[in-house]
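Here's the structure we're looking at; comments come further down.
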Amino acid sequence: MKKAIWNAIGFGLVACSTVAAAAGEVKLQQVTSIVSSKYGISQQSSTFEANVANLAYNKQVFAHYKREVWTTSYSPPLNATVDLQFALKYVVNGQTYWDNNNGNNYFVPKDSGAHLGAGINVYNLYYQPTVRLGVSDAYVYGAAALRNLAVLKDVTIVYSTDNWATTKSTTASYSPNHWAGAYSSAANPNADGIEVWPFSLNVGAGASQVDYAIRYTVNGEVHWDNNGGQNYRSALVRQ
């Protein structure tokens, strides 16, 4: 079943749809919730990513939070922060599919960092199809979210700037204060055991694209996030 990753999808509701039992048509990939506090002002931001079956060109995906509907991200008013309780809704071909955590809905505490969907052990947290760089900039930055399955682990990014004619690799580094850069006090790892490991890719000053995949080695096992076997590709736009 062909899959597509959606994190900014749809506006409004679709009429005349029927509810169908989900069998992998929509699945939570990751949700991140942080509260940035500075100068006495707090602002919450939350992002969602879902993996959906590509059943048709026209499709809509929603995150339903209590009685509200979000389509991309959620930012409550300043100094008003909330725990997240939500389910994912996928509307396509007149059918409606739900990922509601097996009827329990999802719960994510405010300012708790990144959370991964069931069965996901490593995930490319900040993927961008297009990365804008200065003319002489040589690095592309990102981060991997992973389950803390053991103390000893390795996170390596395998990448190429020439369409895989040659490859390079670099290691990500654990950063216990990762969220402090966003003026957040979220723990790393959080209560769910999810850690965020930042990385940087040396793409040089002349590359126009970078392809990469993330390899997580732990307990003698290797886990990949290679974008469903397609690898990640970012166009590098210099300005």
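The values are calculated or read from the model by the stated rules, or taken from the named source; none is laboratory data. Nothing here was measured: the structure is a model prediction, and the numbers come from that model. As a convention, Cβ positions derive from the backbone with ideal geometry for all residues, glycine included, and neighbour counts pool all protein chains shown. Each accessible area value is taken on the protein alone, full model and side chains, heavy atoms only, with ligands, DNA and RNA left out. Shrake-Rupley method; radii C 1.70, N 1.55, O 1.52, S 1.80 Å.
Tallying residues that are over 19 Å from the mean Cα position of the chain (by Cα) and either open to solvent by less than 60 Å² (accessible area, probe 1.4 Å) or free of Cβ contacts under 8 Å to residues at least 24 places away in the same chain (or both) within the stretch 163-175 yields 5. Taken across the stretch 186-208, residues that are open to solvent by 70 Å² or more (accessible area, probe 1.4 Å) and under 28 Å from Lys110 (Cα atoms) do occur, with at least one present. In this entry, Gln239 is excluded by the filter for residues that are free of Cβ contacts under 8 Å to residues at least 12 places away in the same chain and surrounded by fewer than 12 Cβ atoms within 10 Å (Cβ to Cβ).
To keep it simple, each residue is scored yes or no on (1) out of contact with any helix residue (DSSP H, G or I) (no Cβ under 6 Å at 6 or more places or on another chain); (2) closer than 16 Å to Tyr127 by Cα; (3) part of a loop (DSSP other than H, G, I, E, B).
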residue: Asp162; (1), (2), (3): yes, no, yes
residue: Ala165; (1), (2), (3): yes, no, yes
residue: Ser175; (1), (2), (3): yes, no, yes
residue: Ala180; (1), (2), (3): yes, no, no
residue: Ser185; (1), (2), (3): yes, no, yes
residue: Pro198; (1), (2), (3): yes, yes, no
residue: Tyr212; (1), (2), (3): yes, yes, no
residue: Thr217; (1), (2), (3): yes, no, no
residue: Arg233; (1), (2), (3): yes, yes, no
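Within the stretch 61-99, the set of residues being closer than 17 Å to Thr32 by Cβ and at pLDDT below 90 comprises Ala63, Tyr65, Trp70, Thr71, Thr72, Ser73, Tyr74, Ser75, Pro76, Thr81, Val82.
Against the conditions (1) of a type outside the set (A, V, I, L, M, F, W, C); (2) farther than 26 Å from Lys59 by Cβ; (3) modelled with pLDDT under 95; (4) under 18 Å from the mean Cα position of the chain (by Cα), Gly134 satisfies every one except (4).
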